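The block underneath contains the structure these notes are about, expressed in structure tokens.
The values are calculated or read from the model by the stated rules, or taken from the named source; none is laboratory data. Quick caveat, the model's predicted, so the values are computed rather than measured. Don't worry about glycine lacking a Cβ; one is built from the backbone with ideal geometry, like all the others, and counts go over all protein chains shown.
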Amino acid sequence: MDISSWDGTLSSSDFCLAAHAFTEKWKRINPVLPPWSWVPRPKSPWLASHEVEGYLSLENMCILRSCEEDHDEKSHKGNEEPNCLGKDEYIDNATLVQSYRQDVRYFDFHIVYSASYRVPVLYFRTYSSDGQPLLLEDIEKELPGNSTNVLMESKWTFITQEEHPYLNRPWYKLHPCGTSEWMKLLFLTDPSLGGSQGVPVELYLSSWISMVGQAVGLKVPLEMFNKRKE
Amino acid sequence: MAGQESGAVLQFAPFQSSVDEGFWHRLSSLKLNKLGIDDSPISITGFYAPCSHSQVSNHLTLLAESLPPEPSEQSSTPPISRGNRNRCSVPGILYNTNTLESFHALDKQSLLKAEAEKIWNDIHSGKAEEDCSVLSRFLLISFADLKKWSFHYWFAFPALVLDPPATLVDLKPASQWFSLEEAESVSAACNEWRNSSSTADVPFFLVSIASNSRATIRHLKDWEACQEDGHKLLFGFYDPCHLPKNPGWPLRNFLVLIYSRWNIKKVQFLCYRENRGFADLGLSLVGEAQISAPQEWRDELHVPNVVGWELNRGKKVYRCIGLAKSMDPTRLAISAADLNLKLMRWRALPSLNLNILSTMKCLLLGAGTLGCQVARMLMAWGVRKITLLDNGKVAMSNPLRQSLYTLDDCLNGGEFKALAAVNSLKRIFPAVEAEGVVMAIPMPGHPVPSQEEESVLDDCRRLCELIESHDAVFLLTDTRESRWLPTLLCAHANKMTITAALGFDSFLVMRHGAGPLSSTIDNRAEAMNALSADMSKFSLTDSDGGQRLGCYFCNDVVAPVDSTSNRTLDQQCTVTRPGLAPIASALAVELLVGILHHPHGIFAEGENANSSSNGINEQPLGILPHQIRGSLAQFSQMTLVGHSSNSCTACCDTVVSEYRKRGLDFILQAINHPTYLEDLTGLTELMKSASSFKLDWDNDTDADDDDCVEI
């Protein structure tokens with residue numbers, strides 16, 4: 001399809017192609033970060049037999065926060081119960097006593113295809129090391145400065161909380177209604193993308209994630225946008 | 001790098017737990033759907049993997065899959081896959097209590113001892129060599145509060161205690177322990193072990209190094225065979241800990257097994273850790289431990305002491321997690337509703353003022369066909385504060401046309417509409433702040449016997465308070481005369497007022513103009529507060545046929561009278577085409593939203609569709625008409641502008657001033673003497689010279705249209 005008449009969307013089979021190209025490229029270029037993996041989902045009965053349903057997943061990406069002294073003394077959730085383990089508890093000096101200075105935030109990212117918008121959608125969530133999920137307000141506070149700018153100024157990015165299509169739990173997502181427009185814009189204005197051969201599907205996800213990654217503080221290395229085939 | 005001094009007690013880094021939200025969701029659903037009050041222990045599965053980050057330890061994780069699948073789900077939930085290198089399964093047991101008291105009352109030590117005994121027995125029976133993940137068996141106690149969506153919980157990772165404790169002879173990074181060839185071979189062997197689905201999730205193993213530096217990894221159960229080789233032997237395990245000077249918790253029970261089963265007192269161990277999916281011998285540690293526990297300690301019949309309750313930020317206390325935000329259905333409904341409105345603002349209407357919609361209070365007079373639909377439309381626009389006033393009860397014919405009622409509301413004589421409507425609104429959207437007022441509106445032309453006078457005056461006062469305390473008022477009642485008092489009170493208080501009225505196949509939706517004695521837009525701010533405006537100071541907008549927009553009664557040449565008595569039954573049971581009420585209600589709410597977004601608000605001039613001036617002044621929502629009249633017979637609709645009449649029985653200066661002067665006395669007089677209003681406003685005079693009177697209308701309207709009645 002000619003780029004000028006393209007509407008910025010992807011078919012679901014193109015999404016699968018793009019996903020696999022993307023994971024390969026990511027692994028090759030980006031050995032430091034954990035790899036994306038494809039998670040297949042059981043097929044819906046209404047899908048044609050050659051279509052595969054699934055999504056890309058990058059989980060347990062951890063971000064270390066700076067050490068904070070005596071943090072959370074007041075948000076200490078348990079009650080002090082001096083005898084809570086009873087008198088016959090064994091006193092053990094083989095247990096290492098650790099100081100709790102470090103705070104780690106974990107991020108999970110899923111790239112899921114939206115059949116109604118026909119574009120990929122980034123779902124994400126953050127939680128601390130014991131599994132407690134973080135609220136959007138807290139996440140936004142911790143995003144690097146340029147992310148918040150992207151979120152506020154760009155009319156293309158909009159974080160909402162919606163039910164994850166496969167996991168039936170609320171996740172945060174970047175709302176997809178602007179995606180096709182700016183993907184089209186991106187491909188039209190960048191001469192190295194596509195051209196007369198049509199829409200380079202395998203570059204779709206790399207370009208897409210360059211935009212959405214900024215909004216959620218997911219650092220995407222520049223080589224991902226390298227259009228030369230390797 | 002020098003290792004630890006020999007003789008120091010070997011200290012293990014405790015296991016840390018991490019519970020994915022999904023686990024709590026599944027536990028809640030299991031509790032609600034299957035278990036009920038059954039609090040027998042549940043077998044669960046934990047997952048962990050070797051450390052893969054030099055600064056962060058791995059945790060023992062619980063996921064939704066950790067709980068046994070519900071029988072109905074068995075087909076759709078994927079079974080716990082074995083052979084997943086990132087999810088080594090570990091068996092555990094969950095004691096979930098039904099109350100917080102029973103959670104605190106659990107005998108934690110004996111529960112811990114029971115799990116320790118299982119591990120001890122598995123070691124001595126040989127089961128631990130067959131399925132080594134049982135060495136890391138764990139215990140979880142919890143209390144799930146399914147009303148507040150909070151979960152109290154406490155993990156224990158039972159570790160059998162060597163007495164006296166093992167000491168550390170040496171500990172250093174594996175790359176420094178092995179020779180270069182050994183290191184290469186060990187790495188390769190480990191990677192192979194980790195990549196094969198039959199061994200990837202086996203967390204304890206033997207590392208056998210031949211004299212030619214070739215390393216092989218073997219299962220624990222191959223111990224006897226390894227003995228015959230005579231090769232160098234290390235005891236390896238997946239170490240979740242990242243620390244450079246301490247091994248992780250799983251080594252504790254591993255040492256117990258090695259000593260109890262094989263009677264080895266000097267143990268060389270490998271803390272296996274990874275980086276980017278491959279063995280990392282710089283992060284991994286090799287060490288030597290010395291066990292000095294006496295032989296009697298190995299006696300199968302004496303279970304050693306046990307430790308293992310997880311500390312919460314260094315304190316011996318349980319943990320608590322609150323998940324209301326992601327589990328409470330009401331909160332989820334609220335955020336979904338907000339999302340909808342935000343999307344509208346974000347994608348189509350950036351000037352949409354969601355704040356004003358969510359904070360404004362709307363009063364709906366009438367909870368019938370119009371009232372029900374208006375309430376729903378208001379909620380759809382994000383209005384949360386709604387008061388409905390109606391003195392009727394839900395009748396059997398109502399649910400068909402009045403969208404908030406069902407058959408249940410009709411039974412036993414019928415619920416009061418105002419109250420049934422409020423319940424219905426709450427069922428639709430729990431966060432609505434809805435109130436119902438069961439009250440009749442006093443009407444002119446319906447004289448009041450003296451013994452009821454006081455109660456009618458109370459109702460008047462009540463209505464007055466309601467109007468004062470709300471921001472917008474919808475007149476949705478079923479008679480003309482019931483609209484009179486509210487119109488007067490709204491004109492006096494200068495409240496945004498929307499009238500909707502239905503004929504058989506035609507409707508009128510209009511917004512009342514600003515009250516009289518309020519000035520132009522320039523002096524609006526003063527007018528809003530001022531009731532101290534000197535009555536003699538009529539502003540420019542007050543002159544005959546002035547720019548103040550009219551109210552529902554401004555077209556009248558007769559005062560509202562009793563329209564219900566002396567009619568045949570057919571006419572009393574008002575009938576309209578069913579499509580009318582939803583159309584009119586929807587327009588009424590859209591009209592209000594238009595007023596809210598117009599810079600002049602209640603003072604905004606009336607605009608007509610297809611008018612030439614529209615292009616210049618058009619607001620984002622479009623034009624803001626004064627009146628909309630529609631006809632279903634024609635499937636047509638037109639917009640009209642009507643200015644206030646100096647002789648209006650409800651909103652002209654004379655009437656409003658008289659009300660301000662005499663208050664409830666004036667109202668009572670109007671109620672009891674219908675011609676009083678006509679006399680007061682000079683309408684009586686006008687009627688005498690009817691032929692010369694010219695109504696200020698843009699279009700010809702049928703007189704019947706004014707006789708609107710509604711169901």
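Before moving on, here are some points about what is shown:
- Here is the figure for the range B:422-439: residues that are buried (at least 16 other Cβ atoms within 10 Å of the Cβ), over 22 Å from the mean Cα position of the chain (by Cα) and aliphatic (A, V, I, L, M) total 2.
- Hits in the range B:465-509 (condition: within 35 Å of the chain's Cα centre (by Cα) and among the hydrophobic types (A, V, I, L, M, F, W, C)): B:Leu466, B:Ile467, B:Ala472, B:Val473, B:Phe474, B:Leu475, B:Leu476, B:Met496, B:Ile498, B:Ala500, B:Val509
- In the range B:127-157, residue surrounded by the most Cβ atoms within 10 Å (Cβ to Cβ) [restricted to those that are over 25 Å from the mean Cα position of the chain (by Cα) and farther than 20 Å from B:Ser17 by Cβ]: B:Ala128
- All positions within the range B:386-416 that are more than 28 Å from the chain's Cα centre (by Cα), assigned to a helix (DSSP H, G or I) and crowded, with 21+ Cβ neighbours inside 10 Å: B:Asn398
- Subset of the range B:54-68 (residues that are free of Cβ contacts under 8 Å to residues at least 60 places away in the same chain and among the polar types (S, T, N, Q)): B:Thr61, B:Ser66
- Leading residue by the ranking (nearest to the other protein chains (Cβ to nearest Cβ)) among those in the range B:120-166 that are touching a Phe, Trp or Tyr at 6+ places or on another chain (Cβ under 8 Å) and over 29 Å from B:Leu27 (Cα atoms): B:Val161
- Among the candidates B:Ser326, B:Ser335, B:Ser424, B:Ser351, the residue that is on the phi < 0 side of the Ramachandran plot, modelled with pLDDT of 95 or more and of a type in the set (Ser, Thr, Tyr) is uniquely B:Ser424.
- Selection of the range B:260-280 for residues being of a type in the set (A, V, I, L, M) and either closer than 18 Å to A:Pro31 by Cα or surrounded by fewer than 23 Cβ atoms within 10 Å (Cβ to Cβ) (or both) yields B:Ile264, B:Val267, B:Ala279.
- Count of the range B:378-416 residues which are among the hydroxyl-bearing types (Ser, Thr, Tyr), modelled with pLDDT of 95 or more and out of contact with any Gly (no Cβ under 8 Å at 6 or more places or on another chain): 3
- Meets criteria (assigned to a loop (DSSP other than H, G, I, E, B) and facing chain A (nearest Cβ under 10 Å)) for B:Val383: no
- Among the residues of the range B:20-50, those that are away from chain A (no Cβ under 12 Å) and assigned to a loop (DSSP other than H, G, I, E, B) comprise B:Gly36, B:Ile37, B:Asp38, B:Asp39, B:Ser40, B:Pro41, B:Pro50.
- Residues that are surrounded by fewer than 21 Cβ atoms within 10 Å (Cβ to Cβ) and under 52 Å from the mean Cα position of the chain (by Cα) within the range B:207-242 comprise B:His219, B:His242, listed in sequence order.
- Matching entry among A:Arg65, A:Arg105 (being touching a strand residue (DSSP E or B) at 6+ places or on another chain (Cβ under 6 Å), of a type outside the set (A, V, I, L, M, F, W, C) and modelled with pLDDT under 75): A:Arg65
- Exclusive hit being farther than 22 Å from B:Phe47 by Cα, over 44 Å from the mean Cα position of the chain (by Cα) and not acidic (Asp, Glu), set B:Ser110, B:Ser187: B:Ser187
- Members of the range A:1-35 that are in a loop (DSSP other than H, G, I, E, B), charged (D, E, K, R) and farther than 16 Å from A:Ser207 by Cβ: A:Asp2
- Out of B:Ile334, B:Ile291, one residue alone is touching a helix residue (DSSP H, G or I) at 6+ places or on another chain (Cβ under 9 Å) and touching a residue at least 24 places away in the same chain (Cβ under 8 Å). It is B:Ile291.
- Matching entry among A:Pro82, A:Pro133, A:Pro120 (being within 24 Å of B:Ser142 (Cα to Cα) and either in contact with an Asp or Glu (Cβ under 8 Å, 6 or more places away or on another chain) or at pLDDT 85 or above (or both)): A:Pro133
- B:Arg214 basic (Lys, Arg) and touching a residue at least 40 places away in the same chain (Cβ under 8 Å): no
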